[in-house]
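Derivation of every value follows stated rules applied to the coordinates shown; laboratory data play no part. In this text the structure is predicted, and so the values were computed from the model without any measurement. Cβ sites come from the backbone with ideal geometry, for glycine too, and all protein chains shown count toward neighbours.
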Amino acid sequence: MKKTLTCIECPLGCEIEVTMNGDEIVSIVGNGCLRGKAYAENEVTCPKRVVTSTVRAENGALVPVKTDAPVKKSEMFEIMQKINAVKVKLPVKIGDILLENISDGANLIATGNEE
Amino acid sequence: MKKNYDIVIIGGGPAGLAAAVAAYDNGVKDILILEREERLGGILNQCIHNGFGLTRFKESLSGPEYAARFIDEVQKRQIEVCTQTTVLALSKEKQVTVINSAQGVFTVQAKSVVLAMGCRERSRGALNVAGSRPAGIYSAGTAQKYVNIKGYLPGKRVVILGSGDIGLIMARRMTLEGAKVLAVCEIMPYSSGLKRNIAQCLDDFGIPLYLSHTITKIEGEKRVTGVVVSKVDENKRPIAGTEMHFDCDTVLFSVGLIPENELTKMAGIELSPKTRGAVVYQNRETDTDGVFACGNVLQVHDLVDFVSEEAEIAGKAAAQYVLNGAKVREEISVNTGNNISYVLPQKIDRNAGGQVKLFFRVTNTFKNCTITATSGGEVIAKRKKRIAVPGEMETLLLTEKTLAGINDEIVVSLEVDE
Ligand SMILES: Cc1cc2nc3c(=O)[nH]c(=O)nc-3n(C[C@H](O)[C@H](O)[C@H](O)COP(=O)(O)OP(=O)(O)OC[C@H]3O[C@@H](n4cnc5c(N)ncnc54)[C@H](O)[C@@H]3O)c2cc1C
Ligand code: SF4
């Protein structure tokens with residue numbers, strides 16, 4: 001079976017064709033670089049994404065956040081619920097962990113500075 | 001704020017910040033950055049998604065993270081910044097008139113000016129959709145500001161008109177925040193957004209993209225209650241009988257960006273009808289000596305990495321202008337040939353030396369094609385492409401050696417391979 005994917009790792013967006021035999025990957029073609037190969041391997045087994053969003057600070061301002069590693073695509077909405085329940089104390093600096101282990105070892109971290 | 005500065009930079013987005021750092025590092029320290037918003041960073045502050053900086057930093061940053069790297073560099077150099085300060089006017093003599101609540105209206109004199117005002121979204125007026133004007137219609141960028149800066153979701157059931165990147169990003173963002181995005185309609189037969197955004201913002205969530213479709217009617221008195229979407233023919237005219245109806249409370253439009261050049265016009269600087277930005281030399285100097293332009297005010301960029309690169313060229317050149325004065329130029333013009341919508345820079349000064357990277361866009365989607373730069377009937381640079389689309393900026397490099405041998409106009413064109 002063949003699956004066609006668009007690599008999301010960089011703006012080139014290579015179209016990658018993965019040939020599968022059951023659960024086994026037979027070949028990967030079309031990737032412009034090795035990152036694309038890794039992306040395709042993940043994508044046909046367990047697709048993952050970095051989730052970005054915002055959380056409220058105690059003064060009402062929004063602090064931008066992201067998961068510091070890709071998380072399961074199938075769990076994005078549960079992860080969003082966890083993100084929306086987070087309240088942070090200021091000040092916050094880029095890289096501060098706001099929620100540890102939000103999913104499979106990935107943390108929720110701040111991506112903006114707020115005084 | 002003083003009355004005189006070597007370099008005044010208008011706009012504190014990624015372009016203004018990178019220009020300031022480059023000017024400083026090239027020997028001019030008397031710099032002022034003017035920004036009308038409360039904080040530096042420009043539009044990046046509301047772009048909380050990731051994917052910025054892959055070219056420059058080899059990592060995937062969010063907009064605010066990318067901006068912070070440059071804000072840090074500006075702060076390290078103690079470059080003077082005035083936020084909440086709007087530039088009202090610019091003259092050819094490089095007088096900059098500004099207003100802020102602390103000091104009122106006043107004028108600063110610059111030796112050199114860098115224009116870095118960014119762009120704004122095309123307004124709904126340009127859309128020409130039938131129906132009354134109910135609430136619930138927003139530009140994608142306005143919706144982005146509501147959701148990401150103010151923390152409020154502008155609607156629950158959404159149809160998006162236009163498949164530019166901001167619209168695609170907002171389709172995902174609103175979906176994650178609990179809205180239902182019913183459709184993205186694009187009047188052209190191709191999307192102007194990046195392929196990866198179609199994959200990760202639409203396909204990931206099963207949001208349909210209707211190419212060659214547009215909204216032909218918006219329903220609702222006080223608030224939007226639905227839209228009619230129709231297929232269009234080659235001339236972008238709706239085809240009768242193809243109407244689809246969607247119940248929705250919100251319409252977002254993402255129909256393109258326009259460089260914000262009111263100040264440029266005021267100073268009498270020549271603008272290009274193709275880019276809607278200033279006409280520039282390769283050092284991003286306009287037809288007015290000592291006035292430079294970079295970032296989205298010059299040409300609408302897809303990737304902020306290229307904005308920073310362009311701003312560094314402009315910032316360095318502004319410093320050189322302050323230190324060395326105006327140049328004696330030997331000018332070659334750069335023009336568009338077949339299937340190219342614009343090329344930048346529009347003029348190359350041969351005396352400047354060094355290589356020149358041409359930036360341009362193609363007019364349509366082309367498969368298996370060759371892009372060439374020719375001069376005096378000879379090909380001076382070329383690149384084969386498997387696919388070229390208007391949504392992605394293309395580049396061609398002209399080496400110093402190539403440029404040394406050129407005397408005639410340079411033309412960039414695209415031909416489909418036999
Ligand atoms: C709504 C929107 C969303 C975008 N989303 C993305 C995205 O997701 N990914 C991406 O790569 N690119 C995105 N872009 C493109 C993005 O704008 C560029 O990548 C980059 O931010 C351009 O940098 P800039 O400094 O040229 O402009 P901007 O970031 O727009 O900065 C210009 C600055 O100048 C200031 N300014 C303007 N006029 C004046 C004045 N008269 N006086 C004082 N200050 C002034 C503005 O307040 C602003 O801070 C988006 C653009 C828009 C409009
Ligand atoms: S395969 Fe490599 S070059 Fe192609 S889109 Fe993915 S990361 Fe970019």
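Which number do you get for Rg(Cα) / (2.2 N^0.38 Å) in the range B:329-418? Intermediate results must be reported in sequence, preceding the final value.
Values: Rg = 12.7 Å, N = 90, 2.2 N^0.38 = 12.2 Å.
Against the compact-globule rule of thumb, the ratio is 1.04.
Only sites in a loop by DSSP and with at most 15 other Cβ atoms within 10 Å count here; which GluC sites (Glu not before Pro) in the range B:16-114 make the cut? Write out the running numbers ahead of the final one.
Values: sites: B:Glu35, B:Glu37, B:Glu38, B:Glu59, B:Glu65, B:Glu73, B:Glu80, B:Glu93; in loops: B:Glu35, B:Glu37, B:Glu38, B:Glu59, B:Glu93.
Those that pass, being in a loop and sparsely packed, are B:Glu38, B:Glu59, B:Glu93.
For the pair A:Thr45 and A:Met1, how long in nm is the line joining their label points, each one 7 Å along Cα→Cβ?
Modelled inter-label distance: 1.7 nm.
How well do other chains shield peptide B:48-55, expressed as the mean number of their Cβ atoms within 10 Å of each residue Cβ? All intermediate terms of the calculation are to be shown ahead of the outcome.
Numbers: counts 10, 7, 7, 6, 0, 0, 5, 2.
Across the residues of B:48-55, the mean count of other-chain Cβ atoms within 10 Å is 5.
Over chain A, what is the relative contact order in whole percent, taking alpha-carbon pairs under 8 Å and six or more residues apart? Provide the component values of the computation, followed by the final result.
Values: 211 pairs, mean separation 20.9, N = 115.
Value for chain A: 18 percent.
Would you mind checking which residues have amide H under 5 Å from B:Val232's amide H? H placed 1.01 Å from N; only 5 or more apart, or other chain.
Counting only residues 5 or more places away or on other chains, the set is B:His213, B:Thr214, B:Ile239.
What does the convex hull of the Cα atoms come to per residue for the protein assembly as shown, in Å³? All intermediate terms of the calculation are to be shown ahead of the outcome.
Details: hull volume 91.7 nm³, N = 533.
Once divided by residue count, the hull of the protein assembly as shown is 172 Å³.
Using a 10 Å cut-off on Cβ atoms, rank the peptides B:151-157, A:80-86, B:199-205 from the highest mean neighbour count down.
Working: B:151-157: 16.6, A:80-86: 14.3, B:199-205: 20.0.
Highest-to-lowest ranking by the protection proxy: B:199-205, B:151-157, A:80-86.
Taking every pair of distinct Cα atoms and averaging 1/r, then inverting, what Kirkwood hydrodynamic radius in Å comes out for chain A?
Details: mean 1/r = 0.0634 Å⁻¹.
Hydrodynamic radius (Kirkwood, Cα only) of chain A equals 15.8 Å.
How large is the translational diffusion coefficient of chain B in µm² per second when you combine the Kirkwood radius over alpha carbon pairs with Stokes-Einstein at 25 °C and 0.890 mPa s? Walk me through the numbers before you get to the answer.
On the way: Rh = 22.7 Å.
It comes out at roughly 108 µm²/s.
When the Kirkwood hydrodynamic radius is evaluated over all pairs of different C-alpha atoms of the range B:123-255, what value in angstrom, to one decimal, is obtained?
On the way: mean 1/r = 0.0690 Å⁻¹.
Hydrodynamic radius (Kirkwood, Cα only) of the range B:123-255 equals 14.5 Å.
Pairing the Cα long axis of helix B:14-25 with the longest principal axis of chain B, what angle in degrees results, from 0 to 90 and rounded to the nearest 10?
For helix B:14-25, the angle is close to 20 degrees.
Using a basic spin-label model with each label point 7 Å from the Cα along Cα→Cβ, how many nm lie between A:Asp104 and B:Met244?
With each label placed 7 Å out from Cα toward Cβ, I get 3.2 nm.
Please report the antiparallel percentage of DSSP beta bridges with both residues in the protein assembly as shown, rounded to the nearest 5. Can you show the working numbers first?
Details: 80 of 118 bridges.
Antiparallel bridges make up about 70 percent of those DSSP assigns within the protein assembly as shown.
If you take every residue apart from B:Cys369 with its C-beta less than 9 Å away from the C-beta of B:Cys369, what net charge results, scoring Lys and Arg +1 and Asp and Glu -1?
Working: positive: B:Lys367, B:Lys384, B:Lys385, B:Arg386; negative: B:Glu415, B:Asp417.
Neighbour charge sum, excluding B:Cys369 itself: +2.
Calculate the all-directions average of the projected area of the range B:1-141's alpha-carbon convex hull, and give it in nm². Let's see the in-between values first.
Numbers: hull surface 44.9 nm².
Computing the convex hull of the Cα atoms and averaging its projections yields 11.2 nm².
What distance in nm separates the simple spin-label points at B:Gln84 and B:Ile99, each placed 7 Å from Cα in the Cβ direction?
With each label point 7 Å from Cα toward Cβ, the separation is 1.6 nm.
Tell me, in nm to one decimal, what length is gained between B:Arg223 and B:Val416 on full extension, where the rule is 0.36 nm per residue of separation less the Cα-Cα distance? Provide the component values of the computation, followed by the final result.
On the way: separation 193, 0.36 × 193 = 69.48 nm, distance 4.76 nm.
Separation in residues times 0.36 nm, less the Cα-Cα distance, equals 64.7 nm.
Taking beta carbons within 10 Å but only from partner chains, what does the mean come to for residues B:196-206?
Values: counts 9, 4, 3, 7, 7, 1, 0, 3, 5, 3, 0.
Taking the mean over all residues of the peptide, I get 4.
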